[in-house]
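> I'd like to ask you about the structure that follows.
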Amino acid sequence: MLCPACTADMPEDDIYCEDCGAPMTLDAAGPLCPKCHAGAEEIDSDGYCSSCGFRRVPHERDHIEIELSPNMAGVSDRGRKHSSNDDYLVMRDGIIVVCDGVSSSQDAMLASKAAGDAAADSIAAGKSMQDAIADALAAVVALPVARSDADAPSTTIVAARIGADSAEIAWAGDSRAYWFGPGTSQQLTRDDSWLNEVVSRGVMDEASALASRNAHAVTKWLGRDAADLEPSVLRFEYPGDGFLLLCTDGLWNYAQTVSDLEGLTGEPCDALITARTLVEFANAGGGVDNITAAIWIRK
Amino acid sequence: MTTFRAEVFQNQYLPQGAREVHAIVTVASEGAAVGSPPSFLPGGKMFGILCDVSGSMEGEKLQAAKDAMLKVIELIPPDVHFFVIAGATGSTVIVPPAPAIPDHKTQAVRAVKQLRADGATMISTWLQKALEQFQMMPGAVRQALLLTDGQNDRTDAGPLAATIAHCQGIFQCDCRGVGTDWDVQQLKAIGNSLLGTTDIIARPADMASDFQAVLASAVGKSVSDIAIRLWTPAGAKVLFCKQVSPALVDLTGMASSPNPRTLQYPTGAWSGNESRDYHFAIEVNPGGVGDEMLAGRATLVMTQNSVETKIAEARILAVWTDDEAKSTRIERHVAHYTGQADLAESIQAGLEAKSKGREDEATALLGKAVRIAHESGNEATAKLLRAVVDIDDAATGTVRLKRNVTKEDAMALETRSTKTKRIQKA
């Protein structure tokens, strides 16, 4: 049974979603009350919930657009179902960092921001990508823990240092980097997910692993309970003209294959317009998660 | 057509962890010009007089009551149905309900003139008889005036409470005590429960003018059966709902519950140019800093021929903040009426202490009352207090208890202590 709020797969008899806490019976027709998870029909025209009375207060991170140039821009959006945007986007000259705060952890918004800012600072300072991820991890671990360590603040990360001929990319979790070019389009990152882990270890074939409700559970993240993290790092030589896309699962859940995504972007000439197109596509599909898409066009 | 508007006065900012939300809701009616006949009254009006004819009324009091009733009957407009009940141990409808046309008035005058005083005081029987009359005209504006001079018979306490409950929502009743042998709290319980005023008529000679004022107010009502419906969020609790102006009336216990999150408080009939203030205190589940909550929605509802119409609405908010400058401010309407309630309680407790001989306590409480009356500009209450205490310094509430206070003055203070001073416009 899929959670109507966040689409996490839960056992049939669960009453509340383990991932986001929403009741499994709720009507997922629109935005939810952030406090009591009442459905859209309970929210009055001024935004107050007619069940618990709380109103969702707009947040500056609900929708972020960053445009460094016509070739480099990104959008991060709350989506249609989550009450906050736990994704975080940093774009600086030659640097993109995308983080997806783990919604079931405490202070997911703070975790993604701490990681994103720390990684971008380290990359800008000329440190290695491994060190940048280590600094991001340290920043997340340094966050105060309100409750038990079990759900300490956590986030995924994908970071790119963009050079003239190649890009260095590092990641942990299921936020992705793609390259799109004529005949060269490919997914650069490989999700740290339960699916990939069992398949690569030969425990299960892909079809039966995909059928499991654990398929998309992340196996690596930045957080207090992931102190021995080894990030994945690669260098990608550009095969020609094309563009890089860094994004969170809020996007790729709606466009599962490289060609699905390529069909949406076409050949971009303006990075911001393309990023917006991708975010709008995910929202039109339901926007069940936060959505972040960042683009650098090589010309 | 009478229209209504509702306005909220509150400081919605609360410090972290705070659960109590206070708001004053001002409800005002407008539309009918003063003195002009009410424009929209399909159900008509019914006015009843319940006159005490127990043995103790014999003499000057009964004669004054007869004179007052005769003057009032003369003044009742012809479109108003009226009746008269004579009450003692039992009760008799001496004038059955009919429009106040000359023939009916003539019969009524004859019946009133023949009244004799005899028997005990069993007010439950009077109210029960009035209830039966008012039930004949359920769509009308239904107002009664009850006059008594004595305490209700002890054996009637249970029946009286039960009858009051039956009468709630069926008619409203202004209560008047003549002389000084009646019980202020007993009569106020009837007046408050039946959404009416309660007052003392110490001198029988003042009865006629008082009755005329009650009639004028009753026939001036243009809409009936108005209620305030308060929605509160899940997990919230209404601590109290009080009318705080023109007089204090605790409505908390009078609420009905049309649905699980809503309580409905009766406000009775309104004229076309009235303004009343209500104080709501709601306990909510506290939010975090930055959270905003709709802590209550007060909706004014009119019921006519079983059809409910929402006629005004006001929202009570809560916003949690870590800015102390915002959260520590006390809204001046809330402060004023909290003070007026404190004033009434101090008088009540002060008079109680005085009657039991606890003079230090009485001096402190009545001194506090003098200070609040002075600070809030409640001159009417200050004047009543001056009959009971000598004031050395009103600003600090320094007073001395008067010796030889007349029972009339003490009862007037007790009866009228719940009359509040309207807050001045800022």
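The values are calculated or read from the model by the stated rules, or taken from the named source; none is laboratory data. Quick caveat: nothing in here was measured; it's all calculated off a predicted structure. No Cβ is skipped: glycine too gets one built from the backbone with ideal geometry, and neighbour counts run over all protein chains shown. These area figures cover heavy atoms from the full protein model, side chains too; ligands, DNA and RNA do not enter into them. Shrake-Rupley method; radii C 1.70, N 1.55, O 1.52, S 1.80 Å.
> Between the helical axis of A:108-124 and the dominant principal axis of chain A, each derived from Cα atoms, what acute angle in degrees is found, rounded to the nearest 10?
The two axes meet at around 10 degrees.
> Assigning unit charges at the beta carbon (Lys, Arg +1; Asp, Glu -1) and nothing else, what dipole magnitude in debye, to the nearest 20, does the protein assembly as shown show about its Cα centre?
Around 3920 debye, computed over the protein assembly as shown.
> Right, next: Could you tell me which of B:MET122, B:ILE85, B:MET57 has its Cα farthest along the dipole of the stretch B:45-219 towards the positive end, charges placed at Cβ (Lys, Arg +1; Asp, Glu -1), taken about the Cα centre?
Towards the positive end, the residue furthest out is B:ILE85.
> If you don't mind, another one. Between the stretch B:139-183 and the stretch B:374-426, what is the separation of their alpha carbon centroids in Å?
27
> Okay, next question. Based on the Cβ-Cβ distance from A:ARG213 to A:GLU65, what FRET efficiency comes out when R0 is 35 Å, to the nearest 0.05? Don't skip to the answer; put the middle values down first.
Details: r = 35 Å, r/R0 = 0.99.
FRET efficiency, A:ARG213 to A:GLU65: 0.50.
> So, one more: Once the dipole of the stretch A:201-244 is set up with Lys and Arg at +1 and Asp and Glu at -1 on Cβ about the Cα centre, which of A:ASN214, A:LEU229, A:GLY202 lies farthest towards its positive end?
A:ASN214
> Please list the three semi-axes, largest first and in whole Å, of the ellipsoid equivalent to the stretch A:120-236, using sqrt of 5 times the eigenvalues of its alpha carbon gyration tensor. Mind showing how you got there, number by number?
On the way: eigenvalues 118, 117, 19 Å².
Computed over the stretch A:120-236, the values are 24, 24, 10 Å.
> How many angstrom lie between the Cα centre of the stretch A:53-102 and the Cα centre of the stretch A:249-291?
Taking the Cα centre of each part, the stretch A:53-102 and the stretch A:249-291 sit 14 Å apart.
> Please determine, in degrees from 0 to 90 and to the nearest 10, the orientation of helix A:271-284 with respect to the longest principal axis defined by the Cα atoms of chain A, where the helix direction is its Cα long axis.
Tilt of helix A:271-284: around 30 degrees.
> Pop out the ³J(HN,Hα) list for the stretch B:272-282 in order, Karplus 6.51 cos²θ - 1.76 cosθ + 1.60 with θ = phi - 60°, rounded to Hz; leave Gly and Pro as x.
Here the 3J(HN,Hα) series is x, 8, 10, 9, 10, 10, 10, 10, 10, 10, 10 Hz.
> What spacing in nm lies between the two simple spin-label points modelled at B:VAL93 and B:GLN114, each 7 Å away from Cα in the Cβ direction?
The answer from the label model is 1.7 nm.
> On a straight-distance basis, which aspartates and glutamates could pair with B:LYS237 in a cross-link, Cα separation under 14 angstrom, same-chain partners fewer than 8 positions away excluded?
B:GLU20, B:GLU283
> Before anything else, pin down the relative contact order of chain A: Cα pairs under 8 Å, at least 6 apart, normalised by residue count, whole percent. Spell out each step's value before the answer.
Details: 690 pairs, mean separation 59.0, N = 299.
20 percent.
> Also, I was wondering about something else. Helix B:184-193 versus the longest principal axis of chain B: what angle, 0 to 90°, nearest 10, using Cα atoms?
80
> Can you send over the carbon and sulfur percentage of the accessible area for chain B, probe radius 1.4 Å, protein chains only? Working shown, then result.
On the way: 9350 of 18220 Å².
The nonpolar share, carbon plus sulfur, comes to 51 percent.
> Over chain A, with a Gaussian network built from C-alpha contacts below 10 Å, which listed residue (A:GLN187, A:GLN256, A:GLN106) shows the highest mean-square fluctuation?
A:GLN256
> Tell me, what is the FRET efficiency for B:ALA157 and B:GLU308 to the nearest 0.05, using R0 = 41 angstrom and their Cβ-Cβ distance as r? Numbers along the way, then the final one.
On the way: r = 35 Å, r/R0 = 0.86.
Efficiency at R0 = 41 Å is approximately 0.70.
> In addition: If you take every DSSP beta bridge whose two residues both sit in the stretch B:45-219, what share of them, in percent to the nearest 5, is antiparallel? Let's see the in-between values first.
Working: 6 of 31 bridges.
Of all bridge pairs located within the stretch B:45-219, approximately 20 percent are antiparallel.
> Given a Förster distance of 51 angstrom, what is the FRET efficiency for A:ASP228 paired with B:ALA335, based on the Cβ-Cβ distance and rounded to 0.05? Don't jump to the answer; show the numbers that get you there.
Values: r = 60 Å, r/R0 = 1.17.
Plugging the Cβ-Cβ distance into 1/(1 + (r/R0)^6) gives 0.30.
> Let me ask something additional. So for the protein assembly as shown, what are the equivalent ellipsoid semi-axes in whole Å, largest first, each being the square root of 5 times an eigenvalue of the Cα gyration tensor?
Taking √(5λ) for each Cα gyration eigenvalue gives 76, 27, 21 Å.
> Continuing with this model, one more query. Which whole-Hz ³J(HN,Hα) couplings does the stretch A:130-136 yield from phi under the Karplus relation 6.51 cos²θ - 1.76 cosθ + 1.60, θ = phi - 60°, glycine and proline marked x?
Result, ordered by residue: 4, 5, 4, 5, 4, 5, 5 Hz.
> For Cα pairs less than 8 Å apart in space and 6+ apart in sequence, what is the mean separation divided by the residue count of chain B, i.e. the relative contact order in percent?
Values: 950 pairs, mean separation 80.7, N = 426.
Rounded, it is 19 percent for chain B.
> Under 14 Å between alpha carbons, and skipping anything fewer than 8 positions from B:LYS310 in its own chain: which aspartates and glutamates qualify?
List returned: B:ASP225.
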